[in-house]
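Undergrad: Let me begin by handing over the structure; questions about it come next.
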Amino acid sequence: MLGFDYMKRYSEVVRCIHLFLCIKYGFKETKKIRGHSVTEIIENEKTEIKVDTRISTNIKLSYNKSDILVFGKKKEEIIIVEVGITGVTNQDRLNIV
């Protein structure tokens, strides 16, 4: 049951960040999260957004799959977004100062 709750929260956070990035880079104009669905790869002439895809590297890496990767084609910049969700049991142990 805890794994299901984790994945549900994780998917919602990824969906919110994906919508924010789609609006920021001109893929969407609406700010409604309900109708938004995450697509694996979305691109236009300026930007490419990839979700949950492998990053090709020259060396072999065990963990080369990013949650969200934003590649700016014109500015030649890369933004890697990693999402981490704290489990319910771990939240109880956290001391927020």
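Undergrad: Any idea what the alpha-carbon Rg over 2.2 N^0.38 Å comes to for the chain?
TA: Values: Rg = 15.7 Å, N = 97, 2.2 N^0.38 = 12.5 Å.
Rg over 2.2 N^0.38 Å, computed on Cα atoms: 1.25.
Undergrad: Which angle between 0 and 90 degrees, to the nearest 10, do you get for helix 2-24 versus the longest principal axis of the chain when only C-alpha atoms count?
TA: Taking Cα atoms only, the helix is inclined about 30 degrees.
Undergrad: In what sequence do ARG9, ARG34 fall when counting other Cβ within 10 Å, fewest first? The partial results should precede the final answer.
TA: Working: ARG9 15, ARG34 5.
Final ranking by Cβ density, sparse to dense: ARG34, ARG9.
No lab work stands behind these numbers, since they all come straight from the coordinates. Predicted, not measured: the structure shown is a model, and the values here were computed from it. All Cβ positions, even for glycine, are placed from backbone atoms using ideal geometry, and neighbour counts span all protein chains on display.
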